[in-house]
Structure formats: C-alpha cells, structure tokens
Amino acid sequence: RCLVFTIPPACMLAGLALATLAEGLQGKTFPLEAKRALLAILAACFIFLTGSSMIFSYKLGDFKGMAPGDDWTQALAYLRNETPPDAVVLNHWDYGYWIRDIGERAPVSQGGPANSEGIGGVYAEPDLILGAMDKHQADYFIFPRSEISLEEIDREDLKVAFTNEGVAIVGRCDE
C-alpha cells in the first residue's frame with residue numbers, strides 16, 4: 001500500500017527531472033556528444049522499463065494467486081449450480097471476489113478484512129465455524145483444505161456439501 005502513496009510523488013519528481021534535463025539539452029549547457037549519449041541512455045531506459053513491464057504483466061496471468069485453480073473453480077461451480085441463489089457464504093476475505101463473480105453468491109467478506117471479524121478465528125479453532133456462520137447469517141462456509149481438515153469439522157450440526165483435493169464447502173445440517 002505504500003506504493004499507492006509513493007508512486008505519484010515519484011512520477012512528479014521524475015517529470016521535473018526530465019523537464020530540467022530537456023531544458024539543458026535544448027540550451028548550450030551540454031556538448032553535442034553528451035546530448036546524444038544522454039538521449040541514448042534515456043531511450044534505453046524507456047525501452048527497458050516498457051519491455052520489462054509488458055513481460056511482467058504477461059507473466060502475472062500465470063500467477064496462481066490471481067485466478068482460482070481447478071479445485072477452486074469446481075467449488076465455485078458447485079456454489080453457483082447447487083446452492084440457492086440467495087445463499088450467503090462465510091469466507092476468508094481473499095476469496096470474496098471469486099465467490100461473488102464466479103460462484104454468483106453473496107460472500108460475507110470481500111476485498112479486504114473489513115467484514116471478516118471473527119472469520120480468521122475459525123481457521124485456528126474450527127469449533128467456532130457455526131458461531132461465525134450464525135453471526136454473519138451465512139448458509140455455507142468455504143475454505144482451503146490445507147487450512148482446516150475435514151476431520152476437524154466432523155460435527156452433527158454441519159455437513160460437508162462439497163469437497164475435492166483442495167477446497168471444501170460445509171453447510172448447516174437440515175433440521
């Protein structure tokens with residue numbers, strides 16, 4: 001988040017430096033050879049920065065943290081196709097946008113930890129899942145199986161609605 005605040009001043013300083021440099025290049029301050037060398041360096045920097053940012057942007061699509069993997073895609077398809085349209089899903093805030101956009105269900109938390117009070121505790125103490133679901137009026141809880149094992153939530157009041165190698169969804173037992 002620091003970058004969000006430091007990039008605008010850095011851009012302004014870079015612009016000021018380039019303006020000062022352009023003034024110097026137009027005047028008689030630098031000899032012709034120095035001007036050509038400086039322009040070549042600036043062009044090389046521009047090409048390097050533009051090229052490296054394009055390569056980084058292309059590679060960013062391969063980063064698994066940016067898009068759901070197969071396990072998550074299957075779980076989100078389950079939410080979309082097998083749960084009521086008005087279902088509310090208890091989730092860690094990381095997965096809120098996926099639940100909303102791909103699973104087409106209402107996540108308790110999305111885009112930051114603002115609405116996730118009490119949710120993090122269920123990862124440390126799975127007995128708190130039902131209480132968190134009650135607090136947030138959630139019908140389901142979705143989680144990575146690497147964080148909570150199914151054995152830890154083997155309870156009479158919760159049922160496993162969906163599971164695969166990486167993701168599980170639990171719901172309230174029908175009364």
Handout entry: ³J(HN,Hα), Karplus 6.51/-1.76/1.60, whole Hz, each residue of segment 75-91, x for Gly, Pro
Key = 5, 5, 5, 4, 4, 5, 9, 10, 10, x, x, 9, 5, 10, 10, 6, 7
Handout entry: Extended-chain gain in nm, criterion 0.36 nm per residue less alpha-carbon gap, E104 and F48
Key = 16.0 nm
Handout entry: Inter-label distance, nm, simple model (7 Å from Cα along the C-beta direction), D154/L39
Key = 7.6
Handout entry: Karplus-derived HN-Hα couplings along segment 97-104 (A = 6.51, B = -1.76, C = 1.60, θ = phi - 60°), whole Hz, x at Gly and Pro
Key = 5, 4, 5, 5, 7, 9, x, 6
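Would you work out if segment 119-175 is rounded, prolate or oblate? Take a ≥ b ≥ c from the square roots of the eigenvalues of the alpha-carbon gyration tensor; rounded if a/c is under 1.5, else prolate when a/b is larger than b/c, oblate otherwise. Walk me through the intermediate numbers first.
Working: a/c = 1.57, a/b = 1.17, b/c = 1.34.
It is oblate, given that a/c is not under 1.5 and a/b is not larger than b/c.
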Handout entry: Surface/4 estimate of mean projected area, convex hull on alpha-carbon atoms of the chain, nm²
Key = 13.8
Handout entry: Simple spin-label estimate for R80 and C173 in nanometres, 7 Å along Cα-Cβ
Key = 3.2
Fill in the blank from the handout: Ignoring ligands and nucleic acids, T50 exposes an accessible area, probe 1.4 Å, in Å² to the nearest 10, of 50
Practice task
Out of all DSSP beta bridges with both ends in the chain, state the antiparallel percent to the nearest 5.
Solution key: 70
Completion exercise
For the chain, the longest principal axis of the Cα atoms and the Cα long axis of helix 32-60 enclose an angle in degrees, to the nearest 10, of 10
Practice task
Please list, in chain and number order, the residues 5+ apart from S109 or on another chain whose amide H is under 5 Å from its amide H, with Hs placed from the backbone.
Solution key: N91
Fill in the blank from the handout: For segment 139-145, in residue order, the Karplus 3J(HN,Hα) values (coefficients 6.51, -1.76, 1.60; θ = phi - 60°; whole Hz; Gly and Pro = x) are 8, 9, 10, 10, 7, x, 5
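The values are calculated or read from the model by the stated rules, or taken from the named source; none is laboratory data. Given the structure is predicted, the values throughout are model-derived calculations rather than measurements. Counting neighbours? That spans all protein chains shown, and the Cβs are built from the backbone with ideal geometry, glycine included. For accessibility, only protein heavy atoms count, side chains too; no ligands or nucleic acids. Shrake-Rupley method; radii C 1.70, N 1.55, O 1.52, S 1.80 Å.
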